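Visitor: Below: one structure in structure tokens.
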Amino acid sequence: MTLNTTPLQVENLAVARGGLAVLEGVSFSLSRGAALVLRGPNGCGKTTLLRTIAGLQPALSGHIGLEPDAMAYAGHSDGVKPALTVTENLRFWADIFGTSTIETALTQFNLVALKDRPAGTLSAGQKRRLGLARLLVTGRPMWILDEPTVSLDAASTAMFAEAVRAHLQGGGMALVATHIDLGLAEAQVLDLTPFRAKAPALDDFDEAFL
Amino acid sequence: MASIWSYANPKKFIDTTDRVLPVLSVLALAALVGGLVWGFFFTPDDYKQGSTVKIIYLHVPAALMAINAWMMMLVASVVWIIRRHHVSALAARAAAPVGAMMTVIALATGAIWGQPMWGTWWEWDPRLTSFLILFLFYLGYMALWSAIEDDDTAADLTGILCLVGSVFALLSRYAVNFWNQGLHQGASLSLDKEENVADVFYYPLLLCIAGFVLLFVALVFLRTQTEIRARRMRALLARERLND
Amino acid sequence: MRALLIRDLRLAVRAGGGFGLGLAFFLIVVVLIPFAVGPQSALLARIAAGVLWIGALLACLLSLDRLFALDWDDGSLDLLATAPLPMEAIVSIKALAHWLTTALPLVVIAPVLAVLLNLPAAGYWPLVLSLLLGTPALSVIGTFGAALTVGLKRGGLLMSLLVLPLYVPTLIFGAEAARRGAEGMAYGTPLIFLAGITCGTIALLPFASAAVLRVNLR
């Protein structure tokens, strides 16, 4: 892995939801230490784009150049198991990703006092913090985040922004879809509205039934 | 001649089958009426089975088509999984109810035949049991198609189910053989055996089989057309939503 | 991979995990059978092996819908899919966890319930052996069914319709071995077939389950 290749390079990407293109011609790249915020109205395809980049669904066309084993994805839901304690939840992901320490993650997201509580007893915001702390535990440089600040209060949002900033300073990257201001002044912003797919022409009747 | 894959274009498929369907339907009707009338009224009664043997003209072709329909679905599913032609997946979907109906016909005529011959409507004989299991597979396959909203997801899942189901259906066939030896007579037709049913019964039977095959093809063409149109309608509705 | 197994086992035994429900269900089925067919011990002895197999099979089936549904609902399945574990490993581990938490206890308790059904003494070993060899296939096939129906609301009934026909060969050979054993006949042949089915499903079906799960996650 050489340092001068771009870790994430998206070229002319088109993504589909339910068999129909929602975004097309999306191109951007992300270099080390940078963050990119994706914006756009509800339903414009932010989540679909992120899931495609994370490899959960195939792209309609275009190219995604992503370093192998670099990415950690966090979706709408936290994947927190209510029956396990905070520590057990994080320990599990640390084992899955083959990393060892969960202490930094606990401190950064202010979860130390809660670490022996079953996750089911946490509030929505605390659960969200636990879900985000998972990202630190993965040890992956590229965070792909889908609406990470849902149900976080102002203080927790600031805490999250701080964690992202620290991550970027350490050479990490973040790709964030959000509709609120994260307070990350250094992040580039990409508005997805111009990339919305036009409805295909109706004169032919092809394999996509349009 | 154009490659066979060019018919994977839904429009071309509909255009072509539109031209073929009338011919196919007439041929199917002619073969069925001809075969059944010949079989029912112009063949002698069997010396052992009497006139009940004549149900063979429905029973054997239906049983053949019940299996062949599943085979066709298997091939269509493989084509969909490998080449991603939507028409293929829709043809598999279209064939399933026809195949299930054929299975029901085979089971029902078998019961009607079995009653005078074996003195029972139903017997847990390997052949009968296998067909019952095949019917269950058809049911599951159709239920899965109708349960999933997204068309491509449904096509993928049912395709894989068809592959896995085929293996298990075959396994069940042998397991059932092991489990009970049965009293069903041997196959009525076979290519490798000299001994078939007598010629007087044989030719009308062949005609009936041809009729069932033609009927099956015609029904699958027709139902695939319907599926394509329904699919196009959903695609157009989705496109409308995109424009909002 | 071990982490996932440990997590699933832990979740199963913690509150709300549903551990033991399968056992209770098995017990109830076995208790209900004599009410339905009458208390004659000769009759019960004849059908005991088959009833125990059906009971174990249904108990396995009933616990399947939780296999992926919980991970699907809370988003862990998305996260696992993007984790450095191949999907084939995930489904295999899930099947193993299901076998350990649901099927293995059934195998252990089956001889106890066999007493209630008056199973002949010669039938105990074949029963336990056939269940031990056959239940892994039930778990693996069930994982496939659970993966097929994971995204569906009220997928449980549909899953039964899909999974039960796939259970036919396993049930035939398993119950046949147990029945022959109970009647004092040689039961080696069905047992070998049963082992073959189990090995085959364990080797091949995880690929189908993983493919199906990937499709469902799209």
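The values are calculated or read from the model by the stated rules, or taken from the named source; none is laboratory data. Keep in mind that this is a model prediction, so the values were computed, not measured. Here Cβ is always computed from backbone atoms with ideal geometry, including for glycine, and neighbour counts include all displayed protein chains.
Visitor: Please specify each residue of region B:107-125 satisfying the condition of being of a type in the set (Val, Ile, Thr) and under 22 Å from the mean Cα position of the chain (by Cα).
Guide: B:109, B:112
Okay, residues lined up against (1) touching a Pro at 6+ places or on another chain (Cβ under 6 Å); (2) within 14 Å of chain A (Cβ to nearest Cβ); (3) modelled with pLDDT under 90; (4) in a helix (DSSP H, G or I):
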site	(1), (2), (3), (4)
B:192	no, no, yes, no
B:197	no, no, yes, no
B:202	no, no, yes, yes
B:224	no, yes, no, yes
B:227	no, yes, no, yes
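Visitor: Which of the strands (runs of 3 or more DSSP E) contained wholly in region A:43-151 include at least 3 residues that are of a type outside the set (Gly, Ala, Ser) and either at pLDDT 85 or above or farther than 18 Å from residue A:163 by Cα (or both)?
Guide: Ranges flagged: A:61-66, A:142-146.
Visitor: Filter region C:30-53 down to residues that are more than 16 Å from residue C:121 (Cα to Cα), of a type in the set (A, V, I, L, M, F, W, C) and surrounded by fewer than 16 Cβ atoms within 10 Å (Cβ to Cβ), then give me how many there are.
Guide: 5
Visitor: When region B:223-244 is examined, which residues are found to be surrounded by fewer than 17 Cβ atoms within 10 Å (Cβ to Cβ) and over 20 Å from residue B:149 (Cβ atoms)?
Guide: The answer is B:243, and nothing else.
Visitor: While we're here: Mind checking which residues of region C:77-102 are assigned to a helix (DSSP H, G or I) and without any contact (Cβ under 8 Å) to a residue 24 or more places away in the chain?
Guide: If the condition is that a residue be assigned to a helix (DSSP H, G or I) and without any contact (Cβ under 8 Å) to a residue 24 or more places away in the chain, then C:79 is the only one that fits.
Visitor: I'm checking my understanding of the structure. Among residues of region A:152-179 that are within 13 Å of the chain's Cα centre (by Cα) and of a type in the set (Val, Ile, Thr), which one is modelled with the lowest pLDDT?
Guide: Selected residue: A:178.
Visitor: Quick one: residue C:64 ticks every box in (1) crowded, with 19+ Cβ neighbours inside 10 Å; (2) under 30 Å from residue A:70 (Cβ atoms); (3) touching a Gly at 6+ places or on another chain (Cβ under 8 Å) except a single one, so which number is it?
Guide: Unmet for residue C:64, out of (1) crowded, with 19+ Cβ neighbours inside 10 Å; (2) under 30 Å from residue A:70 (Cβ atoms); (3) touching a Gly at 6+ places or on another chain (Cβ under 8 Å): (2).
Visitor: Moving to a separate point now. Starting from region C:46-58, keep only residues that are aromatic (Phe, Trp, Tyr), then list their pairs with residues that are part of a helix (DSSP H, G or I) whose Cβ atoms are within a distance under 7 Å, requiring at least 6 positions of separation or different chains.
Guide: Short answer, once both residue conditions are applied: C:53/C:171; C:53/C:174; C:53/C:175; C:53/C:178.
Visitor: What pairs come out if I take residues in region A:38-62 that are away from chain C (no Cβ under 14 Å) and pair them with residues that are part of a helix (DSSP H, G or I) and among the charged types (D, E, K, R) whose C-beta lies under 6 Å away, six or more apart or interchain?
Guide: Going by the 6 Å Cβ cut-off, the qualifying pairs are A:38/A:46; A:40/A:46.
Visitor: Quick check: anything in region B:118-133 surrounded by 17 or more Cβ atoms within 10 Å (Cβ to Cβ) and among the acidic types (Asp, Glu)?
Guide: Checked region B:118-133: at least one residue is surrounded by 17 or more Cβ atoms within 10 Å (Cβ to Cβ) and among the acidic types (Asp, Glu).
Visitor: Looking at (1) among the small types (Gly, Ala, Ser); (2) part of a loop (DSSP other than H, G, I, E, B); (3) in contact with a Phe, Trp or Tyr (Cβ under 6 Å, 6 or more places away or on another chain), which is the only condition residue A:25 fails?
Guide: (2)
Visitor: A further question follows. Which of the residues that make up region A:67-93 are in contact with a helix residue (DSSP H, G or I) (Cβ under 7 Å, 6 or more places away or on another chain), of a type in the set (A, V, I, L, M) and surrounded by fewer than 21 Cβ atoms within 10 Å (Cβ to Cβ)?
Guide: Matches in region A:67-93: A:83, A:84.
Visitor: Which of the residues that make up region C:141-152 are surrounded by 24 or more Cβ atoms within 10 Å (Cβ to Cβ) and either over 9 Å from the mean Cα position of the chain (by Cα) or closer than 11 Å to residue C:197 by Cα (or both)?
Guide: C:141, C:143, C:144, C:145, C:146, C:147, C:148, C:149
Visitor: Report whether or not residue C:97 is modelled with pLDDT of 90 or more and within 14 Å of chain A (Cβ to nearest Cβ).
Guide: Spelling it out, residue C:97 is indeed modelled with pLDDT of 90 or more and within 14 Å of chain A (Cβ to nearest Cβ).
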